[in-house]
Amino acid sequence: MLKQLLYLACLLYLLASCIDKTETKQITNSKPIDFKQTLALKQSRTFKISLDSLTPQLYGDVQIYEDTISNKKYLHFFNTPNYQIYFYDLATQELAFTIKLEKEGENGVGKDMRGYQIKNLDSIFVYNYPVELSIVNRNAKKSKVYRVLGSLERDTLLIIPNLNVSSSSPIIFKDNSLIMSGYTGAELEEENAYNRPFVIYYDLQTQELTYGATYTKAYQNANWGGSELRHTYAAYNPDKDLIVYSLPIEHSIYTSKDGKNLTKHYAGSKYFDKIPSLDKPKKSYHTMDMDEIYAVYAERPSYSYIIYDKYRKLYYRIAELPIDKFDPNGGIKTTVKETSIIILDENFNYLGETRMKSMYSPRSFFITEEGLGFVKYIKNGGEDEAFFDLFKIVKKNEK
C-alpha cells in the first residue's frame, strides 16, 4: 500500500511539472488621473553635424558630456566601424576630437563593445559583451577591468542579466559600488518573483557581484516575446539621489534609492488602455524566428525610456504606439513605432503628453539647457550628415 501511495505521489508530481503555467495577460491601464494637460513639448529648432565617410547614420546612443575644465559641452557617440568615440562641440556643431579604442593588446577593451559611459575624460567605462567593463582615459589607455557577468553553479535557478550601459541605462556610482541595469532575453518557464533580477551591483572593493530588483508580477507566467518587452530602462536624479526604472509593459514607473526596494508611481499614457501578452506558452519562444519575436513588440503598445531633465526638474517617459501589422520589408511605417512623450514633474505628477509628429530614433535622445533632443530619421540621402530636432517645454496652447 505504501509503495502504491509513493508511486501515486510521484506520478502527480510529474504531471504537475508538465502542466504549462503560461497565462494570457492583459496589463490594464487604470488611468486613475484626468490627464489634465498643463505642459507640452514644442519643436524649437533643428541642427545638424557632418559625418565622415566611416560613420553610418546615427540611430544609436547619443550622449552629452559637460567638461567642467574647458567649460564646453560635447555631443558624443560611438562609431562601431572604426571603434572611435566622436566628440562634437555642441556650440559650434563641429567635430572637436575622437578617442580611438583598441580591441586587443595591453589597452584592448574587447571586440564586442556594446556601450560606454563617461564619468570624466580620465574615467570612461567601456562595456564589452558579455563579461568585461573596462576603464580607459582620453588617450584610450586602460587602467582597470571589472568582470560584470556572474558565474553560478548549475543547480541554481537565478537567471543572470546581461549588463546594459547607455544613456537609457546609466551606471550609478554609489557607496563604492556600481549600480547597473540589464536584462536577459528569452521566455523561461522557471521564472518567478525572485529569480530574474534586472539590477546588478558591483562592489569595487570586494569585486563581487550581487543582484537587486526583479521583474514585476506582470511578467511572470506570461509570454512577452522574450526580447524588446524585456528590456529595462533607468534614469538617475542626482538632486534627490533617486533611481527611476521604466519597464515596457508597466503603466507605472518605479523609484528606488538602492535598486532593491521599489516604490510605484503611475505614469501611463492616455493613448492606450491595455497591453496584451502573447497567446502562446512560454516555451513557444524557442521556435519563433526573429521577425516573429520583434512583431510581439511592434504590434503592442509599450513604454521605453525614462529621462530626467536636470535643467527643468522634469521627467519624460516615452510611450510607444503599436503598429497595425509588422512588415520587415515595408519601411519605417511598418517597422518603427510612433511615440508620445509623457511629462512628469519631480514628484511624478502628470503634466502633459505630446504625441510626436515625425519619426525619431528614441534611442538617440539627449538633454541640453535648451531642451530635449532627438536624432531625426532621414528617408533619402543624408549619409554624410545627422540631423537633430530640439524640443522645448511650453505651457498649454503656447505657441
Those residues of the range 179-193 which are of a type outside the set (V, I, T), in contact (Cβ under 8 Å) with a residue 40 or more places away in the chain and outside any loop (DSSP other than H, G, I, E, B) amount to S181, G182, Y183
Tabulated pairs, the range 194-215, first over 12 Å from R147 (Cα atoms), second of a type in the set (D, E, K, R) and buried (at least 22 other Cβ atoms within 10 Å of the Cβ), C-beta under 7 angstrom, 6+ apart or interchain: T214/R196; Y215/R196
Among Q93, Q37, Q57, which is modelled with pLDDT under 95, closer than 29 Å to I341 by Cα and either assigned to a loop (DSSP other than H, G, I, E, B) or under 27 Å from the mean Cα position of the chain (by Cα) (or both)? Q57
Would you check which residues across the range 322-352 are within 21 Å of P32 (Cβ to Cβ) and either out of contact with any Leu (no Cβ under 9 Å at 6 or more places or on another chain) or not in a loop (DSSP other than H, G, I, E, B) (or both) and list them? S340, I341, I342, I343, L344, D345, N347, F348, N349, Y350, L351, G352
Of all residues in the range 285-315, which are assigned to a helix (DSSP H, G or I), hydroxyl-bearing (S, T, Y) and touching a strand residue (DSSP E or B) at 6+ places or on another chain (Cβ under 7 Å)? Y285
Within the range 83-102, track down each residue that is more than 22 Å from S168 (Cα to Cα) and touching an Asp or Glu at 6+ places or on another chain (Cβ under 9 Å). L95, A96
Cβ-Cβ distance below 8 Å, separation of 6 or more or different chains: which pairs start in the range 280-295 with a residue that is within 22 Å of P322 (Cβ to Cβ) and of a type in the set (A, V, I, L, M) and end on one that is at pLDDT below 95 and outside any loop (DSSP other than H, G, I, E, B)? I293/Y285
If R355 meets every condition in (1) basic (K, R); (2) exposed (fewer than 14 other Cβ atoms within 10 Å of the Cβ); (3) closer than 25 Å to F35 by Cβ apart from one, which number is that one? (2)
Do we have any residue at all in the range 4-27 that's modelled with pLDDT of 95 or more, surrounded by fewer than 18 Cβ atoms within 10 Å (Cβ to Cβ) and hydroxyl-bearing (S, T, Y)? no
Verdict on K119 being part of a strand (DSSP E or B) and either over 22 Å from the mean Cα position of the chain (by Cα) or acidic (D, E) (or both): no
If S30 passes every condition in (1) more than 30 Å from L278 (Cα to Cα); (2) modelled with pLDDT of 95 or more; (3) loosely packed, with under 14 Cβ neighbours inside 10 Å but one, which one does it miss? (1)
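The values are calculated or read from the model by the stated rules, or taken from the named source; none is laboratory data. These numbers come from a predicted model, not from an experiment. With ideal geometry, Cβ positions are generated from the backbone for all residues, glycine too; neighbour counts draw on all protein chains shown.
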